[in-house]
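The values are calculated or read from the model by the stated rules, or taken from the named source; none is laboratory data. Treat the numbers as computed from the prediction; the structure is a model and nothing was measured. Cβ: placed from backbone, ideal geometry, glycine included. Neighbour counts: every protein chain shown.
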Amino acid sequence: MTITEREVLQFIAQGFSSNEIAQNLKISEESVDKYSTSLMSKLHVQDRLSLLREAIKHNLIFVD
Amino acid sequence: MANREKKIRVVIADDHRLVRQGIRALLERTPDIEVVGEASDGLEAIAKVEELQPDLVIMDISMPQMDGIQATEYISKMDVPTRVMVLSMYSKPSIVQQVLRKGAKGYLLKNSISEELTLAIHAALRNEIYLSPSISSLLLDNILNAPEEGGIAGLRIA
């Protein structure tokens with residue numbers, strides 16, 4: 001997992017849309033979707049909710 | 001022996017709270033690294049260095065108020081043991097060269113795998129300079145493509 005993918009994951013965990021993540025990270029929405037797909041593939045899940053569940057389970061995101 | 005147990009104290013400087021949190025989540029998986037502070041711009045990074053004297057600042061380039069290049073220059077001139085490691089998405093050689101000249105002890109691209117960040121931090125603490133492989137290649141290309149300056153100073157062929 002790359003550092004950017006981890007950043008995208010942190011934004012997904014806070015409920016940001018692809019468009020909002022793209023604006024915040026100054027990357028294209030296509031790139032955000034590419035990172036999301038890559039994250040889902042690496043964590044063997046099919047959707048963002050399962051992605052979040054796996055991220056929490058593996059301690060991949062910081063929770064306030 | 002106590003030294004071996006001492007954690008590497010890190011400050012994260014990035015203008016996005018969620019980006020800082022992502023990096024914090026990553027570093028908190030490494031037992032010998034402790035995130036002691038966060039800064040949202042260059043000025044705040046300088047203030048945190050003055051206050052906390054961390055071992056290392058992970059510095060973003062593009063930040064409001066004062067950017068990472070200016071903050072790196074300032075911190076490098078301060079009388080503190082703090083080293084600066086740049087973590088950025090920018091791979092433009094002019095930016096990389098500029099921030100390294102200002103005193104950064106490493107330059108890591110955000111497309112690096114996460115584990116590289118801890119490698120880079122440990123390298124900086126050994127007083128080495130860590131560069132992402134693609135950054136090393138870019139810098140080497142620049143050196144190799146620069147015009148030759150007429151041989152090595154001080155050497156004369158008889």
Considering the stretch A:33-64 alone, what residues qualify as being of a type in the set (Asp, Glu) and in a helix (DSSP H, G or I)? A:ASP33, A:GLU54
Per the list (1) without any contact (Cβ under 8 Å) to a residue 40 or more places away in the chain; (2) closer than 26 Å to A:VAL8 by Cβ; (3) in contact with a helix residue (DSSP H, G or I) (Cβ under 7 Å, 6 or more places away or on another chain); (4) surrounded by 23 or more Cβ atoms within 10 Å (Cβ to Cβ), residue check on B:ALA120 breaks on (3)
Quickly run through the stretch A:6-17 and pick out the residues that are in contact with a Lys or Arg (Cβ under 8 Å, 6 or more places away or on another chain) and at the interface with chain B (Cβ under 8 Å from one of its Cβ atoms). A:GLU7
Do we find a residue being at pLDDT 95 or above, within 12 Å of chain A (Cβ to nearest Cβ), crowded, with 16+ Cβ neighbours inside 10 Å and under 26 Å from A:ALA55 (Cα atoms) anywhere in the stretch B:40-54? no
Does A:GLU7 meet the test of being surrounded by fewer than 21 Cβ atoms within 10 Å (Cβ to Cβ) and assigned to a helix (DSSP H, G or I)? no
Against the condition over 24 Å from A:ARG6 (Cα atoms), hydrophobic (A, V, I, L, M, F, W, C), assigned to a helix (DSSP H, G or I) and modelled with pLDDT under 95, how does B:LEU138 come out, does it pass? yes
